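Colleague: Shown below is the structure under consideration.
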Amino acid sequence: MDKYIYIHGFGGSGLGTKATLFREHYRDTIICPSLSYVPALAIDTLKQLIEQMIDHSTVTLIGSSLGGYYATYLSEHYGIKAVLINPSTQPYDTLGKIHGSDFNYYDGSHFEWLGQHTDALRGYDVQDITPQQYLVLLQTGDELLDYRDAHHKFSDAIVVVEEGGNHTYENIESKFELIENFAHRSSFL
């Protein structure tokens, strides 16, 4: 049985808008956890979920923004497929500009983002990827990340670039069939 794990981005939630769309479509085949803002805790939670599922299912990760960064690390670690949605490729640079209090976009709660959290992200950086494990969905109108960074890093993977859009990825539901086809097939396209 195919299973999915949706990995939200920085300050996000497993109850956010995109997670809700995935949950409504994939129903009981997807898990959308709300992850800690602390990188090591988020990765540990995801590893536990993957290890519980992997013996009984084919697992595909779906990661958005920082979740795409985590999905890349985990995809390489476990040799599983990942769908990356406007992924962050160097969050230690983009999030390095944040110091102190930040908030969860879903519930408005606050947390402390510290230099040690930014530094910890470097430990999950993957230089060499296995291209056939990735489907990368990019929108050129991403206002937070330059889509060209991900396009360059994943240039040998399956990359779909759409003009316009935004960081959230407008109309992600239009890609559900593509995601399912990628997850189900041993070779794609």
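The values are calculated or read from the model by the stated rules, or taken from the named source; none is laboratory data. Note that the coordinates shown come from a computational prediction; the quantities given were computed from them, not determined experimentally. Every residue, glycine among them, receives a Cβ derived from its backbone with ideal geometry; neighbour counts consider all protein chains shown.
Colleague: Applying the selection to the range 24-47, what residues are of a type outside the set (Asp, Glu), within 20 Å of Ser174 (Cβ to Cβ) and surrounded by fewer than 18 Cβ atoms within 10 Å (Cβ to Cβ)?
Modeller: Result: His25, Arg27, Thr29.
Colleague: Can you tell me which of (1) closer than 23 Å to Lys97 by Cα; (2) free of Cβ contacts under 8 Å to residues at least 12 places away in the same chain; (3) of a type outside the set (A, V, I, L, M) is the one Ser155 doesn't meet?
Modeller: Here Ser155 meets the rest and fails (1).
Colleague: Would it be correct to say that Arg23 is of a type outside the set (Asp, Glu), in a helix (DSSP H, G or I) and touching a Cys at 6+ places or on another chain (Cβ under 8 Å)?
Modeller: Judged against the criteria, Arg23 is a match.
Colleague: Another question, if that's okay. Return the residues of the range 11-23 that are surrounded by 16 or more Cβ atoms within 10 Å (Cβ to Cβ) and either in contact with a Pro (Cβ under 8 Å, 6 or more places away or on another chain) or over 16 Å from Lys175 (Cα atoms) (or both); say none if nothing qualifies.
Modeller: Gly11, Gly12, Ser13, Gly14, Gly16, listed by residue number.
Colleague: Among the numbered conditions (1) over 16 Å from the mean Cα position of the chain (by Cα); (2) surrounded by 13 or more Cβ atoms within 10 Å (Cβ to Cβ), tell me where Glu163 comes up short.
Modeller: Every listed condition holds for Glu163 apart from (2).
Colleague: In the range 91-109, is there at least one residue being touching a residue at least 12 places away in the same chain (Cβ under 8 Å), at negative phi and within 13 Å of the chain's Cα centre (by Cα)?
Modeller: Among the residues of the range 91-109, at least one is touching a residue at least 12 places away in the same chain (Cβ under 8 Å), at negative phi and within 13 Å of the chain's Cα centre (by Cα), which makes the answer yes.
Colleague: Sticking with this structure for a sec: Looking at the range 51-97, which of its residues are part of a loop (DSSP other than H, G, I, E, B), surrounded by 15 or more Cβ atoms within 10 Å (Cβ to Cβ) and β-branched (Val, Ile, Thr)?
Modeller: Result: Ile80, Thr89.
Colleague: Right, something else. Taking the condition touching a strand residue (DSSP E or B) at 6+ places or on another chain (Cβ under 7 Å) and modelled with pLDDT of 95 or more, does Ser57 pass?
Modeller: no
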